Amino acid sequence: MLCYVNYKRVKKPLRIPNLEVEIGFGRGDFIVKLAKENPEKNFFGIELSQVSVEKLMRRVQREGLKNVFCTRIDAYWGFYLLFEDESVFNIYMNYPDPWFKKRHHKRRLTTPERLYVFTKRLKTGGRIEIRSDDYDFIRFSEESASFLGCFDISLEELSVREPLTKYEEKWLREGRKLYRLILLKRGEPRFVPHPTIREVEALFPEKVKAKRNKFGELENREFKLGQSVYLKTFKLWEREEGFLIECLLTESGYYQKFFVQAKRKGEDEWVLDVSPYSEVLKTENLQRAIRELGKALQA
């Protein structure tokens, strides 16, 4: 398996033995350090920054590491899609965005619904380690963990003897207080309702009968496909063999942008399908989106 894992193509769930996961690996200092010190273990990094992913890939290749993997996706969906329950030994969150404003607290990594999914994938006896310089975020995380009711919880102030990166070492020298929250899993977490999506094996083209001039009506439209499921269309391109429609689908907070192509197959007969140049996660709602565009053309 290559360092970079394309979560849209890989067979899921991943089966990587002795697995530990870092959420938000930034420059990659921590995950590389762990990989070098523990060659018998495997380490998986999840990041949203493409720049960080590319830097880690170059570093892993340069240093010849065979036990580091990564992907670019929101951490919640990464855990939800890629890992099975009780498959991760340890989880690390090093200085995640604390989202200071109260109205943004729902974006924090450690909301109960996110922490619930992380905990389900964590092995019993494994731990979640969270480092932060924001005490309010640490207390918020501690409250979420207490709500799940499955952890032994400990909190400590970090000392200068154990810097994680050169930046952490600098902060400690400057006298900033840094905290480490350790959540040791002792059993099953209390259930928390959480967002879900469902993949399908294949997407099927939609055959429709429609006049060519109907396609213009698909531009800049919004469709509600279900609870927390929306399809938005943007620009429409007309080509010799048909049309190309720019689309955005959001389902329970998971977003993907793609193109739908419409190819003429006969007099006023068309086939709608996701463009082969669009890399998508095949979900039930993506199939529903193609079907909804077909209905709109026939209305």
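The values are calculated or read from the model by the stated rules, or taken from the named source; none is laboratory data. As the structure is a prediction and not an experimental result, all values here were calculated from the model. Heads up, the Cβs are rebuilt from the backbone with ideal geometry, glycines too, and the neighbour counts pull from every protein chain shown.
Which members of the range 256-274 meet the condition of being under 19 Å from E201 (Cβ atoms) and within 23 Å of the chain's Cα centre (by Cα)?
Matches in the range 256-274: Q256, F258, V274.
Give the number of residues within the range 21-48 that are within 17 Å of the chain's Cα centre (by Cα) and either surrounded by 20 or more Cβ atoms within 10 Å (Cβ to Cβ) or within 18 Å of Q61 (Cα to Cα) (or both).
10
Output the residues belonging to the range 234-261 that are modelled with pLDDT under 95, surrounded by 13 or more Cβ atoms within 10 Å (Cβ to Cβ) and assigned to a strand (DSSP E or B).
Correct list: G242 only.
Are there any pairs, at least 6 apart or on different chains, whose C-beta atoms fall under 6 Å, with the first in the range 252-265 and closer than 19 Å to E219 by Cα and the second at pLDDT below 95, and if so, which?
If the second residue must be at pLDDT below 95, the pairs left are A262/G242; K263/E241; K263/G242; R264/G242.
In the range 1-53, what residues are of a type in the set (F, W, Y) and either without any contact (Cβ under 8 Å) to a residue 12 or more places away in the chain or under 25 Å from I130 (Cβ atoms) (or both)?
At the first step, the residues of the range 1-53 found to be of a type in the set (F, W, Y) are 4, 7, 25, 30, 43-44.
Y7, F25, F30, F43, F44, listed by residue number.
Which one is modelled with the lowest pLDDT, of the residues in the range 174-201 that are outside any strand (DSSP E or B) and in contact with a Lys or Arg (Cβ under 7 Å, 6 or more places away or on another chain)? Full working, then the answer.
First, the residues of the range 174-201 that are outside any strand (DSSP E or B): 174-178, 186-198, 200-201.
Cutting the leftovers down to in contact with a Lys or Arg (Cβ under 7 Å, 6 or more places away or on another chain) gives us 178, 189, 200.
On the way: L178: 92, P189: 98, V200: 95.
Residue satisfying both the conditions and the ranking: L178.
Just give me the residues in the range 141-164 being farther than 12 Å from K185 by Cβ, hydrophobic (A, V, I, L, M, F, W, C) and either surrounded by 18 or more Cβ atoms within 10 Å (Cβ to Cβ) or touching a Phe, Trp or Tyr at 6+ places or on another chain (Cβ under 6 Å) (or both), in sequence order.
L158, L164
Applying the selection to the range 132-173, what residues are of a type in the set (A, V, I, L, M), under 21 Å from H105 (Cβ atoms) and assigned to a loop (DSSP other than H, G, I, E, B)?
Passing the criteria: none in range.
Do we find a residue being out of contact with any strand residue (DSSP E or B) (no Cβ under 9 Å at 6 or more places or on another chain), within 30 Å of S144 (Cβ to Cβ) and either acidic (D, E) or not assigned by TED's automatic domain parsing to the domain that holds A145 (or both) anywhere in the range 247-267?
Yes, the range 247-267 contains at least one residue that is out of contact with any strand residue (DSSP E or B) (no Cβ under 9 Å at 6 or more places or on another chain), within 30 Å of S144 (Cβ to Cβ) and either acidic (D, E) or not assigned by TED's automatic domain parsing to the domain that holds A145 (or both).
Just wondering, is there one or more residues in the range 148-155 that are closer than 22 Å to G253 by Cβ and modelled with pLDDT of 95 or more? Before you say what the answer is, go through the steps one by one.
Applying the first criterion (closer than 22 Å to G253 by Cβ) to the range 148-155 yields 148.
Filter once more, keeping what is modelled with pLDDT of 95 or more: 148.
Yes - at least one qualifying residue is present in the range 148-155.
Collect the residues in the range 114-126 that are buried (at least 20 other Cβ atoms within 10 Å of the Cβ) and outside any helix (DSSP H, G or I), keeping them in residue-number order.
Matches in the range 114-126: L122 only.
Output the number of residues of the range 266-299 satisfying the condition of being in contact (Cβ under 8 Å) with a residue 24 or more places away in the chain and in a strand (DSSP E or B).
7
Could you list all residues from the range 54-89 that are surrounded by 20 or more Cβ atoms within 10 Å (Cβ to Cβ), without any contact (Cβ under 8 Å) to a residue 60 or more places away in the chain and closer than 28 Å to P112 by Cβ?
Within the range 54-89, A75, F79 meet the criteria.
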